[in-house]
Amino acid sequence: MGREEGGTRHADGGPAGTHSTLVGSVERVTFHSPETLYTVLRIAPERGYDDPSGPSMFRAERVTAVGKAPAAHEGQRVRLVGGWQTHAAHGRQFAFESLEPMPPADAGGLVRYLASSAFKGIGETLARRIVDHLGADALERIRADPSALEGVGGLRAGVAADLVERVRAELGAHQAHAFLRGIGLGPWQAATVVTTLGADCEGRVRADPYILADEVSGFGFVTADRAAAELGFEPDDPRRARAGLLHALRAGRDDGHTLLIRERLLERTIETLDLAEGGGGQVVAEALDTMESAGEVVTRPGPDEAQLVYLPYLAHCEEALARNLAALLAAGPVRALAEKADLARVESATGLRLHADQRSAVLGLLAAPLALLTGGPGVGKTTIIRLVVQLAERAGARVLLASPTGRAAKRLAEACGTEARTIHRTLGFEPGGGFEHDAKNPVEADLVIVDEISMLDVVLAHHLAKAVQPPTRLVLVGDPDQLPSVGPGNVLSDLLTSERIPVHRLTRIFRQAQGSLIVGNAHRVLRGESPELPERGNTGSDFYFFPAEEPAECAERVVEVVTRRIPQTFGLAWETDVQVIAPMYRGPCGVDALNERLREAQGSGGREVQRGSRLWRTGDRVIHTRNDYDKRVFNGDMGRIVRIGSADGIEVVVAYPDREVSYTSGELSDLRPAFAITVHRSQGGEFDGVVLPLVTQHFMMLQRNLLYTAITRARELVVIVGSRRALELAIRNADQSHRESALAERLGEACGV
């Protein structure tokens, strides 16, 4: 599901390089993890193998193969596709991307196969009797006629029945691989389909090849459509029209939309399917009507008689989010948790002198069942949150603090001096099991404060609002000028647009921030103005621009600024205190290329391991890219590799600020290098120093809110390296990508307006 996978990929998620094929028999399963599927095999090649690094291209010795695969069995004949690598501790290995089971090549191999752990109760003696009785085609004969096993000495009825069932499953897998390869799937893709859909998948794929995009992770419409063409599907087949509509809706979701207007959806789908507007358009329209009747899409009326079309789960999340927020609003008025006198005492005790707007915000947030606090850098949002927490707790209220990411939660905890958690952890998320807290089991608190809600997509916002039930109060805090969420929806913007929720906007920049060019320039960028820069030779500023017009020149300058100029001038340790934030992954100034350059600048010291196309080295800065509650490490957590290689398949050990976490080879896809990260990945975090490369090559991503978000990630220093034209393009481009959503309208309806 999701976006098109774009071809074969290595086990670690990197793009495939030059592939080798290794065919042989499994002599020993050295290691296999049922949880991660990380597997170490000892393979006896059939005809030697091709290892381009060796003095001789073809050898006949045994091979160690490592990769991620379902359980293999000793004696099993396999085809492995992958590449060669040298492990620091274990030497030359074949790192496979796919393992395809194959029928045994001869009687001897057949005996070893039947005697393996794949077939319970069949030892070598009994396996030899079966082969002697049925011959080299024993497997085919057993599958076709189980009675063929009658007369095999010592074969009990129960063991024979298990043998028949297992043989049929194994041969079914072999046939499925052959069928899937025949319709154009690569070995890794075929293995993924068999693992997901089962060995009997051929019938299902023949009936509707678009099931590949619906049910198999990593597959998209393009691959399924190619398979359908191989199977003879006509361009205007209704099944193809349905798949095209789902593809358009999913692509819209991945672009941030919760819905698509019907006419635009039809246009996108007709274009994707390359159909004529006439008859082809009718087929697509009829397919959409059929999908609505079957509940595969949800529609609702929109403005100007438009029809809005949703994937069902997004329609539910948007509608339920509006309903639950309206329920919180309907719980008011509520008792104020603090009065003016209480706030005055805290100001006096702490030496704070709040502006009238700040006092109004503190008291307003403590007197509402649901409220919003917004504002940019330097306006005191953190101070307001801290005071709200203090006053609420003094009033005896139980307060929960949460943020979308672990990094943002840590910042919130440090600012308020009390525990803060990710939203997922606050709601008790269980992988595969949903959330512990919901409408029937709401969170136990009197006040829930959620920071950085610009990062909140409609799905997570729905689960949050569902778990906060009256009389619990909810305060949402965010900066509407930051980049919107990676997931679908535009929650903060929609809540502000609805004008149904009390909003406290902080706009005044306070004295301690007025001398900062970081704060001042962030606000200048929002106004469409060029940033103010210090005079040449001024080393006392916190904001600089280094010109570099060409991408290659910019990349060189970034490395120089990060590794030499900043440490010498400002005393920041670049390996730990300086973060490069780039608009895109690709190109000479993209995240991927800059990570390679900065790793080399750090030096090689220590061990390293190659997995697919990606190299991991001791000392590398890395970022975790998903919430892993078993390991207690979360999306956005950043750490450093401290060890490479150990027992039981552990490849990498990463030191995070509070603990060390081990990763097997199969889990390395959860990590990315993090000397440089994207602006989206930087959200919710703060860094002592930020270096931002800007080149016109990144024109697709050069937007005002992206530049603003990058600048506001810095505490002490911002350095922009790049072309002035690229900087001007970003400042002028105030048009944030429009996101289709109806949350504001739904909230109005739920509030009875």
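Just a few scattered comments:
- FRET efficiency, A169 to R632 (Cβ-Cβ, R0 35 Å, nearest 0.05): 0.40
- Rounded Å value of the spacing that divides the Cα centres of segment 639-700 and segment 323-359: 39
- Relative contact order of the chain: 12 percent, from C-alpha pairs under 8 Å at least 6 residues apart in sequence.
- For the chain, the solvent-accessible area with a 1.4 angstrom probe is 43 square angstrom per residue.
- Inter-part distance where segment 87-101 and segment 410-456 are each reduced to a Cα centre, Å: 41
- Global geometry of segment 590-679, whether rounded, prolate or oblate, following the gyration tensor of its Cα atoms and the 1.5 cut on a/c: oblate
- Using 0.36 nm per residue and subtracting the Cα-Cα separation, the extra length available between R128 and A734 on full extension is 210.6 nm.
- Where only alpha carbons of the chain are counted, the Rg and the Dmax (Å): 29.9, 96
- A crude spin-label estimate for the pair R62 and E296, with each label 7 Å from Cα along the Cβ direction, gives 5.1 nm.
- Within the chain, helix-based [θ] at 222 nm, where runs of 4 or more DSSP H residues each add -39,500 (n - 2.57), nearest 500: -11500 deg cm²/dmol
- Placing dummy labels 7 Å off each Cα toward the beta-carbon, the span from E215 to E660 is 4.4 nm.
- Share of carbon and sulfur in the accessible heavy-atom surface of segment 85-175 [1.4 Å probe, %]: 49
- Rotationally averaged projected area of segment 79-128 (alpha carbon convex hull; nm²): 5.0
- Gained length - L231 relative to H19, 0.36 nm times residue gap less alpha-carbon distance: 73.6 nm
- With all protein chains modelled, accessible area of Y210 [1.4 Å, Å²]: 0
- Angle between the chain longest axis and helix 340-350 axis [Cα atoms, degrees, rounded to 10]: 80
- For K381, the lysines whose Cα comes closer than 29 Å to its Cα, not counting residues fewer than 8 places off in the same chain, are K340, K410, K466.
- Computed over every Cα-Cα pair of segment 198-282 and binned at 5 Å starting from 0, the pair-distance distribution P(r) comes out as 3, 14, 25, 23, 18, 11, 5, 1, 0 percent.
- Rounded FRET efficiency, nearest 0.05, which uses the C-beta distance separating R156 from H90 and R0 of 60 Å: 0.90
- Full extension of the chain segment joining E549 with A439 gains 34.1 nm, where the gain is 0.36 nm per residue of separation less the Cα-Cα distance.
- Global geometry of segment 603-753, whether rounded, prolate or oblate, following the gyration tensor of its Cα atoms and the 1.5 cut on a/c: oblate
- For segment 628-674, the set of trypsin sites (Lys or Arg not before Pro) satisfying both a DSSP loop assignment and a count of at most 11 other C-beta atoms within 10 Å is given as R659.
- A simple spin-label model places the labels of T350 and L615 4.9 nm from each other, with each point 7 Å out along Cα-to-Cβ.
The values are calculated or read from the model by the stated rules, or taken from the named source; none is laboratory data. The structure presented is a predicted model; accordingly, all values stated were derived computationally and were not measured. Cβ sites come from the backbone with ideal geometry, for glycine too, and all protein chains shown count toward neighbours. These accessible areas exclude ligands, DNA and RNA; they are computed on the full protein's heavy atoms, side chains included. Shrake-Rupley method; radii C 1.70, N 1.55, O 1.52, S 1.80 Å.
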